[in-house]
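Trainee: First the structure, then my questions, so here it is.
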Amino acid sequence: MKRIKQIDIKRALAMAGTFNFLCSCARACLLPFLTLYFRQLGLTPAMTGIVMGTKHFVTLVWSPAASLLSKHYNKRRAVICGSVMFSAAAALLFLLIPHTDVHAWTCNASDPHVGPTQTPSDKLLVNITEPVTSHPKPHVSQSLVTHLPDADTKAPVNTNETSPHHHHHHNHNHTTDSPLLYVSQKNESKVLESSSSSLATPVRNKRSELKSEQPTGEKKDESSLGFLGSLKAMDTQHQLFFLILIIVCVWEAASAPLEWNVDDGLYEYLDFADASDRYSSTRVWGVVGAACGVGGTGLLVSQLTCLIAAQTSRSVVHFYCYAGLAFLVLPLAMSLPLYLNKKRDRTSGLLKALQLVRGSPQAVLCVFTTLLVGVANSAIDNFLLWQMQDRGSSELHMGLSLALALLSQAAFPLMAGRVFRLLGPRRMLAVGAASLGLQCFYYSFLWGAWAALPAQVLSCFSSGALWWAVKLQCEDIATPGAERSVRRVYKSLSIHLGSALGSLAGGFVAQSIGLTWMFRGLAMVLIVWCVCLPLLQWKAPHHRRINYSRLLAVDASEASDSESEQEKDWLDKAMENDKSNNNSGRRVNH
């Protein structure tokens, strides 16, 4: 006889909460600061947007596909462990990227206005139309030399407000109007004519200059090699862009299958024990873990010196923290209680969820709202830290600001009942989107290092209230057993599709009109949509679907009560009959 394994619900919930906490903490150590790392390497906002948009597109496609394949071949635990291990290894590939200029990795620790991740040497951001080697050394008068900075100081650069290293409003001791730039390279001083630089365009180093002087015959040979040859013929900035893009795709392909496989395995395990309704309580630990990760890493990095080793920036600490926590999660992933329900068809569930969403006008309006919120959130995630860095914020300010936003989001369930009674699900959705619009508008007026902190409290509504309204909408339209599939439709459309579109559009818009006007444009779009949303909700028909699962639960409880009453009546009658038979037998004996 096969022995039935006993299910420990409390242990399963504790392991699920711990796993969500550690995984969210690991991701928060790196992901919020990843675009700052790209900025240090010299990527433009458009390139950064393309990289982050590709990352979200890979997650959108590969997460459900990997989940279906792992279920089909019954390899969930192997996929989970492999995802944790290979994602940590892939993240460390970023540290192998060659740096075009070691001076870009230092920082001015004596200047309190300069953030720790900012580049003190601005020569990566200067757009020079001619190669440096093509200019002879001009004769400089002694009076002019006295006004030039030393070879080890920062070169003043006149950039626009979206430049990745926009410091001229903080460093008043530099002359930003000078028509001359002082560039030091290998202890040689050269005076060059400067032109208005484009956004975040790094200067070509000597290696790219030598490549530009190659004979045409060598260039033809390189072009005949295909993609690798064309990549070798590119300038340094585009080589760096494609290298980062490849590493991000590999990293996301390794980490994308983790969330869906863990979520499905734990949910089906608890559902087998009729405790699936308690699984949602473990998700709050993911938000708390993210707050601890982003705040703790920002505090840790800000306490380190500018260079933790020779020619090594302290930004690499983010990657080591991510990899360390990921390997810490690996033993827990190997012991997670998982269950495979082969009767549950995931593909038909997602298709049915799409049909349910498409069949409800209120649900379609909610989809457009979450999609727009995903676009705005992606722009904030990618470029808010750029804006804070331009205003003198260090990673300590950034980490604590993001941690406050996450804690505000986690605190919303404590007040959800009162807000729901006051606003209702429809108004709650509009209030959440409007709160995000106010945050974007506030971000365009940052003036100091701690200026972003007050706006983070609005995340209680822009994220917490909005997703609470989406949850109520899912329960309103879902049939029994389809609530999770409908919720995943909203999550995929907002977090992944909306974020991918927002990253691509946000990068090009930020490069064209600047970060300040990008945030103002997002705020205007969100506010206009929130004004139109109540009118569209009022005109759209509202058909509330009956929640059959709740009715079945009520009917089952009522049926059990009636059955117990019937059993009690039958027992009373049997006892009465027994007594009457005993009494009649005694009379016969007498």
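The values are calculated or read from the model by the stated rules, or taken from the named source; none is laboratory data. A quick note: this is a predicted structure, and the numbers were derived from the prediction, not measured. Positions of Cβ are backbone-derived with ideal geometry, glycine not excepted, and every protein chain shown enters the neighbour counts. Quick note on the areas: whole protein, heavy atoms, side chains included, nothing else; ligands and nucleic acids left out. Shrake-Rupley method; radii C 1.70, N 1.55, O 1.52, S 1.80 Å.
Trainee: For Arg418, indicate whether it is free of Cβ contacts under 8 Å to residues at least 40 places away in the same chain, open to solvent by 30 Å² or more (accessible area, probe 1.4 Å) and not hydroxyl-bearing (Ser, Thr, Tyr).
Mentor: yes
Trainee: Do you know which residues across region 479-494 are out of contact with any Ser or Thr (no Cβ under 8 Å at 6 or more places or on another chain) and of a type in the set (A, V, I, L, M)?
Mentor: Ala482, Val486, Val489
Trainee: Same structure, new question: Quick one: which residue in Tyr442, Tyr339 is open to solvent by 10 Å² or more (accessible area, probe 1.4 Å) and outside any helix (DSSP H, G or I)?
Mentor: Going through Tyr442, Tyr339 in turn, the sole match is Tyr339.
Trainee: Right, something else. Give the residue, chosen from Leu429, Leu458, that is within 24 Å of Val525 (Cα to Cα) and surrounded by fewer than 23 Cβ atoms within 10 Å (Cβ to Cβ).
Mentor: Every option except Leu458 fails the conditions.
Trainee: Residues that are more than 18 Å from Ser360 (Cβ to Cβ), among the charged types (D, E, K, R) and at pLDDT below 95: does region 477-486 have at least one?
Mentor: The answer is no; no qualifying residue exists.
For every residue, the table says whether it meets (1) within 28 Å of Arg487 (Cα to Cα); (2) touching a His at 6+ places or on another chain (Cβ under 9 Å).
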position: Thr35; (1), (2): no, no
position: Gly53; (1), (2): yes, no
position: Ser63; (1), (2): yes, yes
position: Leu69; (1), (2): yes, no
position: Lys75; (1), (2): yes, no
position: Ala90; (1), (2): no, no
position: Ile97; (1), (2): no, no
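Trainee: Could you give every pair whose Cβ atoms fall below 7 Å, whose first residue belongs to region 318-330 and is farther than 19 Å from Val79 by Cα, and whose second residue is open to solvent by 30 Å² or more (accessible area, probe 1.4 Å), counting only separations of at least 6 or pairs across chains?
Mentor: As it stands, the answer is Phe319/Leu92; Phe319/Leu95, since those pairs meet every condition given.
Trainee: Could you tell me whether region 69-76 includes any residue that is surrounded by fewer than 20 Cβ atoms within 10 Å (Cβ to Cβ), in contact with a helix residue (DSSP H, G or I) (Cβ under 6 Å, 6 or more places away or on another chain) and in contact (Cβ under 8 Å) with a residue 24 or more places away in the chain?
Mentor: The answer is no, given that none of the residues of region 69-76 is surrounded by fewer than 20 Cβ atoms within 10 Å (Cβ to Cβ), in contact with a helix residue (DSSP H, G or I) (Cβ under 6 Å, 6 or more places away or on another chain) and in contact (Cβ under 8 Å) with a residue 24 or more places away in the chain.
Trainee: Limited to region 479-495, what total is found for residues that are open to solvent by less than 30 Å² (accessible area, probe 1.4 Å) and closer than 19 Å to Ser462 by Cβ?
Mentor: Adding up the residues that qualify gives 2.
Trainee: Filter region 229-254 down to the residues that are assigned to a helix (DSSP H, G or I), without any contact (Cβ under 8 Å) to a residue 24 or more places away in the chain and open to solvent by 30 Å² or more (accessible area, probe 1.4 Å) and list them by number.
Mentor: Listed by number, the residues that qualify are Ser230, Leu231, Lys232, Ala233, His238, Gln239, Phe242, Ile246.
Trainee: With the structure loaded, tell me whether Gly521 is more than 18 Å from Leu404 (Cβ to Cβ) and assigned to a helix (DSSP H, G or I) or whether it fails that test.
Mentor: yes
Trainee: Here's a follow-up. Mind listing just one residue for me: the one in region 37-90 that is of a type in the set (Phe, Trp, Tyr) and closer than 30 Å to Val301 by Cβ and, of those, nearest to the chain's Cα centre (by Cα)?
Mentor: Top of the filtered list is Phe57.
Trainee: Filter the helices (runs of 4 or more DSSP H) completely within region 4-96 down to those with at least 2 residues that are of a type in the set (D, E, K, R) and at pLDDT below 95.
Mentor: Where helices (runs of 4 or more DSSP H) fall fully within region 4-96 and carry at least 2 residues being of a type in the set (D, E, K, R) and at pLDDT below 95, they are 9-30, 76-91.
Trainee: Within region 496-509, restricting attention to residues that are open to solvent by 40 Å² or more (accessible area, probe 1.4 Å) and of a type in the set (A, V, I, L, M), which residue is farthest from Tyr267 (Cα to Cα)?
Mentor: Ranking the qualifying residues of region 496-509, first place goes to Val509.
Trainee: Another question about this same structure. Scanning region 466-478 for residues that are in contact with a Lys or Arg (Cβ under 8 Å, 6 or more places away or on another chain) and either without any contact (Cβ under 8 Å) to a residue 40 or more places away in the chain or of a type in the set (Phe, Trp, Tyr) (or both), which turns out most open to solvent (accessible area, probe 1.4 Å)?
Mentor: That would be Lys471.
Trainee: Please pick out the residue among Gly448, Gly359 that is under 21 Å from Gly514 (Cβ atoms), surrounded by fewer than 17 Cβ atoms within 10 Å (Cβ to Cβ) and at pLDDT below 95.
Mentor: Gly448 is the lone residue from the list that is under 21 Å from Gly514 (Cβ atoms), surrounded by fewer than 17 Cβ atoms within 10 Å (Cβ to Cβ) and at pLDDT below 95.
Trainee: Could you tell me which of the residues Leu396, Leu406 is touching a Leu at 6+ places or on another chain (Cβ under 7 Å), in contact (Cβ under 8 Å) with a residue 40 or more places away in the chain, over 26 Å from Trp538 (Cβ atoms) and open to solvent by 20 Å² or more (accessible area, probe 1.4 Å)?
Mentor: Within the list Leu396, Leu406, the selection yields Leu396.
Trainee: State which residue is most open to solvent (accessible area, probe 1.4 Å) when the search covers only region 255-298 and only residues that are without any contact (Cβ under 8 Å) to a residue 12 or more places away in the chain and part of a helix (DSSP H, G or I).
Mentor: Per the stated criteria, the residue is Asp277.
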